[in-house]
1. Name the single residue that is surrounded by the most Cβ atoms within 10 Å (Cβ to Cβ) among those in the stretch A:126-150 being more than 10 Å from chain B (Cβ to nearest Cβ) and charged (D, E, K, R).
2. Got at least one residue in the stretch B:29-46 being within 14 Å of another protein chain (Cβ to nearest Cβ), of a type outside the set (A, V, I, L, M, F, W, C) and in contact with a Lys or Arg (Cβ under 6 Å, 6 or more places away or on another chain)?
3. Of the numbered conditions (1) facing chain B (nearest Cβ under 10 Å); (2) within 27 Å of residue A:12 (Cα to Cα); (3) part of a loop (DSSP other than H, G, I, E, B), residue A:113 fails exactly one; give the number of that condition.
4. State whether the residues of the stretch A:13-28 include one that is surrounded by fewer than 17 Cβ atoms within 10 Å (Cβ to Cβ), in contact with a strand residue (DSSP E or B) (Cβ under 8 Å, 6 or more places away or on another chain), within 14 Å of chain B (Cβ to nearest Cβ) and not acidic (Asp, Glu).
5. With respect to residue A:96, is the statement that it is among the β-branched types (Val, Ile, Thr) and not in a strand (DSSP E or B) true?
6. Which pairs do you get when a residue that is under 21 Å from residue A:134 (Cβ atoms), found in the stretch B:1-22, comes within reach of a residue that is small (Gly, Ala, Ser) and assigned to a helix (DSSP H, G or I), reach meaning Cβ atoms under 6 angstrom, with the pair 6+ apart or on two chains?
7. Would you pick out the residues in the stretch A:80-93 that are within 12 Å of chain B (Cβ to nearest Cβ) and in a strand (DSSP E or B)?
8. Those residues that are surrounded by fewer than 23 Cβ atoms within 10 Å (Cβ to Cβ) and either closer than 15 Å to residue A:14 by Cα or touching an Asp or Glu at 6+ places or on another chain (Cβ under 9 Å) (or both), I need them from the stretch A:92-102; list them, please.
Amino acid sequence: MIRVQREDFDVGAEIEALTRDNPAIGGVASFIGLVRDVAGSDRVRAMTLEHYPGMTERQLAAIDEEARRRWPLDATLIIHRFGRLEPGDRIVLVVTASAHRQAALEACAFLIDWLKTKAPFWKNEETPHGARWVAARHEDDAAAARWQKP
Amino acid sequence: MKVLYFAWLRQRVGCDQEEVTPPASVTTVAALIDWLKTRSARHAEALKDSSVVRVAVNQEYARPGDSVGPNDEIALFPPVTGGSA
């Protein structure tokens, strides 16, 4: 399941709803991304996430489909927020559920690495020196590339 | 043809979308970007470094040689920065 929303989410309630009534699930992995209060040497007061409505949902659905092709997953959930967020706020939630832990853990890592480089979101940070757009990091491309099949 | 701009490209171009009618000779992503640069000084400035411009045609990532047509939705944006640390 894919959701792109301005509102916050309740991690416990989301996991509970995703796994309820599916006793085949033996393991659930989750990743929760938060806004940090520092970027390099600057304090970050807040950040605004912009996205491309329509393409965002398509890309997240494609990434989700790819994870389900690679691992035997019983349930998946990706929630990504947009709008203005402050340090400590939740940005993203990825949940994967499978019969066994390995598939759930690997698929969760894959989803978070891939969505960083494929989902059309852009972050604008508010710092003491003014607002600035966050640049893409080579480390993120490398993290996504480790999942490329030979 | 509808062209959308996001993030700093939107700010530098000065609009979030525009309806354009390039000449018939413009049939690829690369040719479209070159033609868009001629629309204004702001376009030329925003699009001068193509290494930091990503393109989607009808909401799918596209390469410079991919084709574009009159009914397509083209989006230009910087490399994406979603997710978190």
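Every number in this text was worked out from the coordinates using simple rules, so none of it is lab data. Not measured: the values here are computed from a predicted model. Don't worry about glycine lacking a Cβ; one is built from the backbone with ideal geometry, like all the others, and counts go over all protein chains shown.
1. Among them, the one singled out is A:126.
2. There is no residue in the stretch B:29-46 that is within 14 Å of another protein chain (Cβ to nearest Cβ), of a type outside the set (A, V, I, L, M, F, W, C) and in contact with a Lys or Arg (Cβ under 6 Å, 6 or more places away or on another chain).
3. Here residue A:113 clears every test but (3).
4. Looking for residues that are surrounded by fewer than 17 Cβ atoms within 10 Å (Cβ to Cβ), in contact with a strand residue (DSSP E or B) (Cβ under 8 Å, 6 or more places away or on another chain), within 14 Å of chain B (Cβ to nearest Cβ) and not acidic (Asp, Glu), one finds none in the stretch A:13-28, hence no.
5. Numbers: among the β-branched types (Val, Ile, Thr): yes; not in a strand (DSSP E or B): no.
No: the conditions fail for residue A:96.
6. B:9/B:46; B:12/B:46; B:13/B:46
7. If the condition is that a residue be within 12 Å of chain B (Cβ to nearest Cβ) and in a strand (DSSP E or B), then A:80, A:81, A:85, A:90, A:91, A:92, A:93 are the ones that fit.
8. Scanning the stretch A:92-102 gives A:93, A:99.
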